[in-house]
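A short reminder: the numbers here are calculations on the coordinates, not readings from a lab. Keep in mind it's a predicted model, so treat the numbers as computed, not measured. When we count neighbours, we look across all protein chains shown, and the Cβ atoms used for this are built from the backbone with ideal geometry, even at glycine.
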Amino acid sequence: SEQICELESLISEAGEVYNMHTKEISKLSEEKTFIENQLSSVEELKSQLKEVTATCDAFRQTLKNKETEWKTMEEKLHKTVESQNATIMTLHDDCKELQDEIERLQDKMSQ
């Protein structure tokens, strides 16, 4: 009888421990599911970030190419302006010489 009481007490204790473990398993399973969902979200965000980074890299390269293109165009335009300035100076000099020649010929004609 004493052994039966002891066994009943042990069974009751084991049942309580079993119930506590079952509750803990349930709680941990919920937490695990929540964490797995968060991990899934993080993976999705990492994937989106990778795409955004690739797009940014492509834009950066496009800008680099445009910058090079504009620099080349700017240099070309500077050279064109320099060339035109030189031509203008030459034409001014030619005009001055022609004017001097015209004046000289007019002086000669009036003599």
**Asked** Going by the structure shown, is SER40 exposed (fewer than 10 other Cβ atoms within 10 Å of the Cβ) and out of contact with any Gly (no Cβ under 8 Å at 6 or more places or on another chain)?
**Response** no
**Options MET109, MET20; residue that is out of contact with any Pro (no Cβ under 9 Å at 6 or more places or on another chain), exposed (fewer than 10 other Cβ atoms within 10 Å of the Cβ), hydrophobic (A, V, I, L, M, F, W, C) and assigned to a helix (DSSP H, G or I)** = MET109
